[in-house]
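Working notes for the structure below.
The values are calculated or read from the model by the stated rules, or taken from the named source; none is laboratory data. All figures in this text were calculated on a predicted structure; none of them were measured in a lab. Cβ placement follows ideal geometry from the backbone for every residue including glycine, while neighbour counts extend to all protein chains displayed.
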Amino acid sequence: MAALRTGLLGKKLGMSQVFTEQGNRIGVTVVHAGQCVVIGKRTPDKDGYAALRIGYGEKPLRLANKPELGEVSKLNVPPPRLIREIRVEPAQLDQYEVGATVPLSKVFKPLTFVDVVGTSKGKGFQGVIKRHHMGASRNTHGTHEFFRHGGSIGCRLTPGRVHKGKRMTGHMGDVRRTVQNLALLAVKDEEGLLLIQGSVPGGKNGYVVIKNAIKRTGRKDRNAVREAVLATKDYEGVLGRWSFDANGDTSLTTMSGREVKGGKFDDANAVTLQAP
């Protein structure tokens, strides 16, 4: 079983862009996660598993019920807008104090990878063309009122029913979705922001859960870069594809296809580009 990854709660603010030292523009999703407070702990001795109860945001007192007010009154914190449990290893429970705000730099590191869980945008009741990407009928002479229909949904007397899971019209979106292995480009503690490269599920002001990636971690990513430098082979990194020659010179082909010459490797920042 893979090790559990610590995470935090946040709110998706929207899209922005960042520029590298070479002038390359990278689109990022801005997520605010700087108001996470530890509400409680789940211990293996009492609950059978280890987890942190994390609260995000603030809820008006008029909207909080008595159990919520009674829980936070002992901690002298306002009632949170959202509460979720984040599974952790039992040894990690002592690293967090109940009632304290969790700094972003304690959980996330820049140039690593994260998994984001959120609720996708609701599309309402949709047809089979948009919902399941089916092909429409021909819009030619002789076709009447049958341009975007789903077609036949069953057989004859046998089986005499519609099979379960048949792709038909219905409600689209508004479901829980997880996007894995998104690159975390920057962690801003003062503003409480995370800059994530990639698609984050949900719309603006939607609540998400950000966890360190379970399949791909930044530490393994830096080790792969180090091995690639020693073996003088190509490596697929966060910013693009790195190439190394026998002389130790490096070049980066970015996502947009632009090639940048020159660069150096260090343990802290993986690969730091030099001015071309």
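Quick notes on this one:
- Residue within the stretch 178-190 that is farther than 25 Å from Glu21 by Cβ and assigned to a loop (DSSP other than H, G, I, E, B) present: no
- Qualifying positions in the stretch 170-206 - touching a helix residue (DSSP H, G or I) at 6+ places or on another chain (Cβ under 6 Å) and of a type in the set (Val, Ile, Thr): Val187
- When residues in the stretch 70-90 are screened for being modelled with pLDDT under 90 and part of a helix (DSSP H, G or I), 4 of them pass.
- Filter result for Arg226 (modelled with pLDDT of 90 or more, farther than 25 Å from Ser16 by Cβ, of a type in the set (D, E, K, R) and surrounded by 11 or more Cβ atoms within 10 Å (Cβ to Cβ)): no
- Residues of the stretch 1-36 that are more than 20 Å from the chain's Cα centre (by Cα) and hydrophobic (A, V, I, L, M, F, W, C): Met1, Phe19.
- Residue under evaluation Ile129, criteria (1) farther than 30 Å from Leu195 by Cα; (2) outside any helix (DSSP H, G or I), criterion not met: (2)
- The combined condition, being part of a loop (DSSP other than H, G, I, E, B), more than 24 Å from the chain's Cα centre (by Cα) and in contact (Cβ under 8 Å) with a residue 40 or more places away in the chain, is not fulfilled by Glu145.
- Close pairs from the stretch 2-19: first more than 28 Å from Pro80 (Cα to Cα), partner modelled with pLDDT under 95, Cβ under 6 Å, at least 6 apart: Ala2/Ile214; Gln17/Arg25; Gln17/Gly27; Val18/Ile26; Val18/Val28; Phe19/Arg25
- Of the residues making up the stretch 93-107, those that are in contact (Cβ under 8 Å) with a residue 40 or more places away in the chain and assigned to a helix (DSSP H, G or I) are Leu93, Leu104, Ser105, Val107.
- Unmet criterion (only one of (1) crowded, with 18+ Cβ neighbours inside 10 Å; (2) without any contact (Cβ under 8 Å) to a residue 60 or more places away in the chain; (3) in contact with a Pro (Cβ under 8 Å, 6 or more places away or on another chain)) for Ala51: (3)
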